[in-house]
1. Can we say GLY207 is within 21 Å of TYR280 (Cβ to Cβ) and modelled with pLDDT under 95?
2. Does VAL241 fit the bill of being modelled with pLDDT of 95 or more, aliphatic (A, V, I, L, M) and assigned to a strand (DSSP E or B)?
3. For SER284, work out the one condition from (1) surrounded by 19 or more Cβ atoms within 10 Å (Cβ to Cβ); (2) out of contact with any helix residue (DSSP H, G or I) (no Cβ under 8 Å at 6 or more places or on another chain) it doesn't fulfil.
4. Please indicate, with yes or no, whether at least one residue in region 132-152 is more than 21 Å from PHE214 (Cα to Cα), of a type in the set (Asp, Glu), part of a helix (DSSP H, G or I) and not assigned by TED's automatic domain parsing to the domain that holds ALA208.
5. Look at GLY247 and say whether it is over 20 Å from VAL275 (Cβ atoms), at pLDDT 95 or above, among the small types (Gly, Ala, Ser) and touching a Phe, Trp or Tyr at 6+ places or on another chain (Cβ under 8 Å).
6. Scan region 206-229 and give yes if some residue there is under 17 Å from HIS165 (Cβ atoms), touching a helix residue (DSSP H, G or I) at 6+ places or on another chain (Cβ under 6 Å) and of a type outside the set (Lys, Arg), otherwise no.
7. Any idea how many residues of region 99-122 are within 12 Å of the chain's Cα centre (by Cα), over 18 Å from GLY209 (Cα atoms) and among the small types (Gly, Ala, Ser)?
8. Identify all residues within region 110-131 that are aliphatic (A, V, I, L, M) and in a loop (DSSP other than H, G, I, E, B); write none if there are none.
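The values are calculated or read from the model by the stated rules, or taken from the named source; none is laboratory data. Everything quoted here is computed from the prediction, not taken from an experiment. FYI the Cβ positions are ideal-geometry reconstructions off the backbone, even for glycines, and counts take in every protein chain you see.
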Amino acid sequence: MLGTLTGRFAVKMIALKSIDLSVIAPRLVSSVRGVASWQSFARVMTRTTRTIRHSGRSLIVVAFTLVGCSNQLVPAATPTTPTTTLRIYATTPAIPLMDDLTTAYAAVNPAVRFEVASGSYDAMIERVERGDAPYFFSNHLPVDAESRGLWAAPVGQDGIAVIVHPDNPIHELTSEQLRDVFQGRIANWNALGGADAEITVFSREDGAGTRAEFESLIMGERRTTRSAQIAPSSAAMRLSVARTVNGIGYVSMSYLDETVRALSIDGIDPTLANVTENAYPLRSTLFIVGRREPETNYRAFIAWVQSPAGQAVVARHYAPLN
């Protein structure tokens with residue numbers, strides 16, 4: 001069967017005998033091109049049929065189908081779904097949280113895409129105030145957040161783990177001992193029952209949210225020793241301690257792996273269960289922070305984060321909300 005569409009009409013032909021359609025079809029198409037009415041089309045087909053019969057071949061036209069008014073076949077446009085881009089940033093301790101939540105949300109909402117970035121708490125606050133990013137995840141919220149015009153909502157709970165090299169024989173410190181170490185009052189591991197070796201203290205930089213939380217929970221009004229080596233990110237802190245047998249530092253629990261070992265503090269291990277039960281002493285709340293209460297797509301995303309589905313994602317690396 002040969003189907004030809006030209007102008008306003010569709011013609012279907014069935015060859016009853018052996019016919020060279022490569023010769024006949026172009027002649028037929030040329031004849032009906034530009035036909036403006038059904039009556040004209042019929043006259044053209046009569047002439048064309050005579051021409052075909054004179055060639056000693058027979059052809060029966062079995063169907064004439066009026067088609068649309070377009071002179072060309074236009075392929076149907078593939079429907080596209082509009083996408084929405086949300087800018088969500090994070091302080092470095094909250095990077096795993098941001099990655100997990102944005103990936104999981106986009107999987108169930110394919111029309112939403114995320115633009116993400118990370119940095120210190122001070123850097124994120126600066127970007128929010130400039131309008132670069134509406135919201136960011138953080139494990140720190142300053143006491144003056146409200147007076148600074150910040151909006152925040154809790155999304156989970158984090159624990160700050162004190163870490164040492166895996167070969168360090170020390171497994172536990174009290175809050176007081178930890179304070180003395182970071183203040184510089186205890187400078188040798190032998191004062192804590194360890195080897196006769198000088199302690200290398202690692203601290204986060206000024207403006208880091210984890211440092212602010214650690215100093216609030218442990219140091220109080222005391223200052224971290226000036227001899228502390230600065231780690232510019234959570235990943236850098238973990239790497240520094242992993243490479244230093246006599247080092248000590250602190251990271252969000254989400255950064256714990258086999259390259260370092262977390263110490264018990266006051267006899268409590270830094271586990272998700274102990275954070276959830278409010279037993280571990282170095283706890284902090286995870287927030288999403290912005291300049292104003294969210295609307296539309298941002299509001300839907302944050303509501304999902306606080307929902308059971310979102311909290312199940314939070315629980316991969318952090319403690320969910322109680």
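1. Considered against the rule, which asks whether it is within 21 Å of TYR280 (Cβ to Cβ) and modelled with pLDDT under 95, GLY207 comes out as no.
2. Answer is no for this residue.
3. It is condition (2) that SER284 fails.
4. No, region 132-152 has no match at all.
5. The answer is yes for GLY247.
6. Taking every residue of region 206-229 in turn, none turns out to be under 17 Å from HIS165 (Cβ atoms), touching a helix residue (DSSP H, G or I) at 6+ places or on another chain (Cβ under 6 Å) and of a type outside the set (Lys, Arg).
7. The total comes to 3.
8. ALA111, the sole residue that qualifies.
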